[in-house]
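One structure below.
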Amino acid sequence: MKRAALYLRVSTLDQHPETQVHDLRQLAAQRGLEIVHEYVDHGVSGTRTRRPALDQLMADAARHRFDIVLVWAADRLARSVKHFLEVLDELQRLGIEFLSMRESLDTGGPLGRAVIVIVSAIAELERSLIIERVRAGMRRARLEGRHIGRRPIQLDRAGILRDRERGLSLKEIATAHRISRALVSKIIREAGSHKGGPYLPAQVVESSTPDSAA
């Protein structure tokens, strides 16, 4: 009986791989395969070549802990042809078969590898078309004057500077205005540069007056 490893991936944390698991377990049973491990990348994009579960699968493949890898669909393994071929080449070098359920692709067959390359190329093309449609929509929105992305933060710069003059720390100001300390520091630096020198709180300027008068 051949030993099988299941690889499952979902792109977001609110998605669940139960459907993939159920279908692959049924497929393994139909083919008389013994499932020795299930590798799951939860909330990981297929564009990433390094993924915890996939890395572990490849490490176990090098130890020959299974004879065949089952996936629900080819794009669960990889989105780019380059990465897809790298994984398949390594599995083939190790003598491990690859089976994609949705496409009925099996590298154990003579035409399996050729068909898988074609399917992965189509998947990459589809993703590229989706990206281009999104970019075209963003360009159209800009031409129509619509806002894209996050709304700019409404900053009370005068209030931030007044709080600094009152002697509040960067942390206290950041908390009061619900912004980062780095942004508070940047606003203070910019205020100083506009005045022609470093920005100093009013208390510091006043405390230095007696010394200068003396």
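The values are calculated or read from the model by the stated rules, or taken from the named source; none is laboratory data. These figures come from a predicted structure and were not determined experimentally. No Cβ is skipped: glycine too gets one built from the backbone with ideal geometry, and neighbour counts run over all protein chains shown.
Give me the pairs, please: first residue somewhere in region 11-36 and in the same structural domain as Arg51 (by TED's automatic domain parsing) and part of a helix (DSSP H, G or I), second residue anywhere and among the acidic types (Asp, Glu) and surrounded by 14 or more Cβ atoms within 10 Å (Cβ to Cβ), beta-carbon distance under 8 Å, and either six or more positions apart or on two chains.
Hits for this filter: Val21/Glu38.
Look at region 38-82 and say how many of its residues are part of a loop (DSSP other than H, G, I, E, B), over 17 Å from Gln15 (Cα atoms) and small (Gly, Ala, Ser).
Matching residues across region 38-82 total 2.
Is it the case that some residue within region 76-84 is surrounded by fewer than 14 Cβ atoms within 10 Å (Cβ to Cβ) and touching a residue at least 12 places away in the same chain (Cβ under 8 Å)?
no
So in region 27-85, with the set limited to residues that are of a type in the set (Asp, Glu) and touching a strand residue (DSSP E or B) at 6+ places or on another chain (Cβ under 6 Å), which one is farthest from Ile118 (Cα to Cα)?
Glu34
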